[in-house]
Amino acid sequence: MKKILFLLLLLLMTLLTACASSEKLDGGSNEQKTSQGGKGVQKIIVGTGTQFPNICFIDEKGNLTGYDVELVRAIDEKLPEYEFELKTMEFSNLLLSLETRKIDFIAHQMEVNSEREEKFLFNKEPYNVFPLKVTVNEKNNEIQSIEDLKGKNVSVSPTSNSAVFIEKYNKDHHLGANIVYSSGSVDVNNQLASGRIDAIITTPFAVKYYNESNEAQQKVVGDALLNSKVYFLLNKDEVKLQERLDEAIVELKKEGVISDLSKKWLGDDYTVDF
């Protein structure tokens, strides 16, 4: 009987040891994300979208990916004191979500403008440049530059830098373009193809994506309207997070990671003009 009890006790100890090892392995990623000071990991909610081709979008396998998404993941690996969680939403909801602290920063090719600077904090180290150009259907030879948009229907996303730019240009230069606001890229492409709108303001890499993936038959025309730098956007009091993001970006630039991501997702190295 004693021998049987001893064997049962030995078996129980073996099972408990195995369970403990399994829990440790399952929790390994959390242990790796412990800060150097021994404090717990702070969860950071990162707001992004799903409608920006090659920047933040859902691929054919249903996965969230793209340049900004993969850059956030690379930065997350550099910052052991933080754990990033991506939260997707419509672009027009991002600023309000940041202001109401539903998210901690925005990763969606955010360019600097005065309205955003008044309320929010940009990090200091840009992670690419964002060339905006007038874009039309490839059969449209009437529009060759922004000056040809007089009386034309131009579609932009509300609160985007494209919208801010064309609104100001329209007013300052008495352009007379009809600004149409839209939130869905698929609908915009269909409207451009059917002639319901005449132009959009977007990037060459977005046009390249749409032409290759959806046969959108678009082309960019004229000079770049803006060639602005791109940053993350935070609340004013998130200075520590801002500093850590900048430190990670600098490291990733030196390692060539950001350049590689740009070439993979944007088709060229859009980090070279800093």
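Observations
- Under 11 Å from the E99 label point (7 Å along Cα→beta-carbon), backbone N, the range 111-127: 116, 119-120
- Among the listed pairs K78/K264; K102/K219; K119/K254; K168/K219; K61/K124; K102/K264, a Cα-Cα separation exceeding 29 Å is found for K102/K219; K119/K254; K61/K124; K102/K264.
- Percentage relative contact order, the chain, counting C-alpha pairs under 8 Å, at least six apart: 24 percent
- Sequence-separation-based contact order of the range 53-161, relative, with Cα cut under 8 Å and 6+ spacing, percent: 20 percent
- Label corresponding to Cα extents along the principal axes in Å when calculated from the structure given, among [x] 49, 44, 33; [y] 96, 39, 35; [z] 63, 43, 36: [y]
- Virtual spin-label span in nm between R73 and E212, 7 Å along Cα→Cβ: 1.8 nm
- Residue-averaged [θ]222 nm for the chain, counting only DSSP H segments that reach four residues, each worth -39500 (n - 2.57): -13000 deg cm²/dmol
- Nearest-0.05 FRET efficiency for M89 and E255, computed from C-beta distance (R0 30 Å): 0.45
- Of all DSSP-defined beta bridges confined to the chain, some 60% are antiparallel rather than parallel.
- Taking label positions 7 Å along the Cα-Cβ direction at both S114 and K61, the computed distance is 4.7 nm, reported to one decimal.
- Evaluated with a Cβ-only charge set (Lys, Arg +1; Asp, Glu -1), the chain carries a dipole of roughly 760 debye about its Cα centre, given to the nearest 20.
- In this simple spin-label model, placing a label point 7 Å from the Cα along the Cα-to-Cβ direction at both D268 and E147 gives a separation of 2.4 nm.
All of the numbers you see were taken from the coordinates with simple rules; none came from a lab. Predicted, not measured: the structure shown is a model, and the values here were computed from it. Note: ideal-geometry Cβ built from the backbone for every residue, glycine included; neighbour counts use all protein chains shown.
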